[in-house]
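Sharing a structure here in structure tokens format.
Just so it is clear, none of the values below were taken in a lab; they were calculated from the coordinates. For clarity, every value in this text was computed on a predicted model and none was experimentally measured. Glycine gets a Cβ as well: all are built from the backbone with ideal geometry, and neighbour counts include every protein chain shown.
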Amino acid sequence: MRSLLVSIFILLFITVSAQGTKVSKQTQKLYQQAMSAAEEGNYRVAISLLTTLINSDKFFPDAWLSRAGLHGELRLYPKAVADYEEAFKLNPHATEYKLPYSINLAGMGQFEKALDAVNDFLALPNLNESSRKAATYRKSSYEFAIQQAKESASKNYIFEPKNLGDSINSPFPEYFPSLTIDGKQLIFTRKVQFRNEDFFGTNETNGIWSKAEPLPGGVNTDRNEGAQNISQDGNVLVFTSCDGPDGYGSCDLYYALLTKKGWSEPINMGSVINTEFWESQPSIAPDKRALYFSARGPDGFGGSDIYVSYLMPNGKWGTPLNMGPDINTSGDETSPFIHADNQTLYFGSNGLQGYGKMDLFITRKDSNGHWTKPQNLGYPINTIDDEATLSVASDGVTAYYASDRSDSRGSLDLYSFTLKEEIRPIKTLWIKGKVYDAKTKAGLPSAVELKEITTGQRISKVQTDEEGNYLITLPVGRDYAFLVNRKNYLSFSENFPLASKPSDSTYTIDIPLQPIEVKAVVILKNIFFETGKFELRKESEPELLNLYELLIDNPSLVIQINGHTDNVGKTADNMMLSNNRAKAVVDFLIKKGISASRLLSKGFGETHPMGDNNTEEGRAKNRRTEVEVIRK
């Protein structure tokens, strides 16, 4: 940047001499001093000298042009535009400066005026190839911006980033904000003394952030740790560290676990994830079963690409997959961020059409698991400058990013702002709870699986912490089946009609597991039949497969399926219906390969009610299918 600016100054000085313009010695001296200050990177000193020059000789167009260039370098776009326009009044033939003038107009969001200016520049005769290429690139970005404005659904959107304040921001750079699902904990990277990158954390209470402190434990070292992402439950931190003694290449991905003593020491994610090449900027899915990151590898499309690795059944990460040419380009794709909805991915790219430099994009996973065509987040979130990182709170409305805006405490600060509606993620529900022993009440580490009832599609599978606590985010508008299998315990199942529940709501669902012992009984909550019939509905399949896995994991287990009805209809009919329903479950398991010698069925009709048959709620409780342990 500085060498380009210096070249402009030299060009201006030669232009002045060649035109033979009468310039006083004092003007020449000030101008030379300004050029020297600019060469040394002292832009504000140079601006001050040029201002003094202009005050003494306001008819010297080159001073206006030079100050415009400096204002542009400092991204003081309105001042730069004003200076260019004053220079054009003094010298209407200075069309060769319409390109930088257009860039500063675009910096203010005045894309139509910027397009007119760059067209004036392109109309100049004998443009060299590099100038024409640069102007053509800018022209395409201005045309894109104008079209984006026409297509935007949020015509009245106001972009008002709010500095997160002195509790978080400092004279040193802060960047890569990352929040837990409740929005109460914020983790970020700070470049302490502009040298060493460490992680800091802050907590929110009643809308106020606490004083940010280095993360406790061993995660911060004397090396640089950065580009972190905290899991939605706050228990795992994935991040980048470079040139470590246990590293595989220049920069590797690491993780740390939250313990009672703070964060663990960094743990390298291993040779499947890390290579001799650059891996960085990770984002872990809310169910911790997918890891997105940016890397430069030989199988990429050019520059850095976005990859995803999936957690395998054995608990290890699978080979990273390039996310393909719809997302990755010959340029750089960086800083992926997967939202709490587990279906919306934000990332940065300078290879996709944008406003200039690095822009932010959004892509969504459709019902078939495919990612949609990336959409530019639009102006004013994206500008002619670099916008590379974004973190969106679980509410889908509040976004966080790093910027060096005019109100920063120094260098990069953290800001929050409201997202436009059309680029918000899918609305979600938050489910939290605890898996525990139904008899002892002790917490049980377990895997909690959720499937959509109507399709049987697995939406999420999360591992609890060591005390059995779990946290899950789910898309709204669906009904879910909760399934838990754990060795030496009967399977748990429950269905929750959440389709009508409001978004951004939190529900607590604790899960008691019944130890496997003779005469132990649990209700299979996700077995469904049509009224008065015994054919299993398709929605029952996740529950049936869960029961099948229980029998596979416990090969000596003998069970009895018990069928129950309410008291509507004839007693004999209800007895037959309950027998047939219990037998339908047994038949399914036999077809799956379970020995018939391990399976019994019995119908009890209306003889063992759990609820009041005089109410619909009570009758619903009485219509049930149970599994009873006959032999361990």
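With +1 on each Lys and Arg Cβ and -1 on each Asp and Glu Cβ, how big is the dipole of segment 273-363 about its Cα centre, in debye rounded to the nearest 20?
About 220 debye.
Remind me, what semi-axes does the chain give for its equivalent ellipsoid, largest first in whole Å, using sqrt of 5 times each Cα gyration tensor eigenvalue?
Values: eigenvalues 818, 124, 84 Å².
Equivalent-ellipsoid dimensions as semi-axes: 64, 25, 20 Å.
Taking the chain as the reference, fit the longest principal axis to its C-alpha atoms, fit the long axis of helix 98-107 to the helix C-alpha atoms, and give the angle between the two in degrees, 0 to 90, nearest 10.
Taking Cα atoms only, the helix is inclined about 40 degrees.
Using the Cα centre of the chain as origin and beta-carbon charges of +1 (Lys, Arg) and -1 (Asp, Glu), tell me which of TRP278, SER408, VAL476 is placed farthest towards the positive end of the dipole.
VAL476
A further question on this structure: Please report, in whole Å, how far the alpha carbons of segment 518-632 spread along each principal axis, starting with the longest.
So the extents along the principal axes, rounded to whole Å, are 41, 29, 23.
For segment 518-632, what is the charge dipole size about the Cα centre, in debye to the nearest 20, if Lys and Arg each add +1 at the Cβ and Asp and Glu each add -1 at the Cβ?
Taking the Cα centre of segment 518-632 as origin, the dipole is about 380 debye.
Going down the table (LYS591/LYS621; LYS602/LYS632; LYS538/LYS592; LYS441/LYS538; LYS79/LYS133; LYS427/LYS501), which pairs top 22 Å between alpha carbons? Before the final figure, lay out the partial values.
On the way: LYS591/LYS621 29 Å; LYS602/LYS632 19 Å; LYS538/LYS592 15 Å; LYS441/LYS538 34 Å; LYS79/LYS133 27 Å; LYS427/LYS501 11 Å.
Long pairs (Cα-Cα over 22 Å): LYS591/LYS621; LYS441/LYS538; LYS79/LYS133.
About its Cα centre, what dipole magnitude does the chain give when the only charges are +1 on Lys and Arg Cβ and -1 on Asp and Glu Cβ, stated in debye to the nearest 20?
Dipole about the Cα centre, nearest 20: 840 debye.
Same structure, new question: What order do you get for 425-433, 310-318 when each peptide is scored by the mean count of other beta carbon atoms within 10 Å, highest first?
Highest mean packing first, the order is 425-433, 310-318.
How tilted is helix 61-73 with respect to the longest principal axis of the chain? Cα atoms for both, answer in degrees (0 to 90, nearest 10).
Helix 61-73 sits roughly 20 degrees off the main axis of the chain.
From the phi angles alone, apply the Karplus equation (6.51, -1.76, 1.60; θ = phi - 60°) to segment 278-292 and give each ³J(HN,Hα) in whole Hz, x where the residue is Gly or Pro.
Listing the rounded values in order: 8, 10, 7, 6, x, 9, 9, 5, x, 8, 6, 10, 9, 10, 9 Hz.
For the chain, take the longest principal axis of its alpha carbons; what is the angle in degrees between that and the long axis of helix 25-39, to the nearest 10 within 0 to 90?
30
Also: What does the convex hull of the Cα atoms come to per residue for segment 427-515, in Å³?
Expressed per residue, the convex hull around the Cα atoms of segment 427-515 is 82 Å³.
Oh, and also: Around ASN554, under 13 Å between beta carbons, what's the net of Lys plus Arg minus Asp minus Glu among the other residues?
Neighbourhood net charge equals +2.
Sort 358-366, 603-611 for me by packing, meaning the mean count of neighbouring Cβ atoms within 10 Å per residue, highest on top. List each step's numbers first, then the result.
On the way: 358-366: 20.6, 603-611: 17.0.
Ranking, from highest mean packing down: 358-366, 603-611.
In terms of modelled amide H atoms, which long-range or inter-chain residues lie less than 5 Å from the amide H of TYR480?
Those qualifying (amide H under 5 Å, at least 5 residues apart or on another chain) are ILE453, PHE496, LEU498.
Here's something else I'd like to know. Sort the following peptides by mean Cβ neighbour count (other Cβ atoms within 10 Å, averaged over residues), highest first: 623-629, 289-295.
289-295, 623-629
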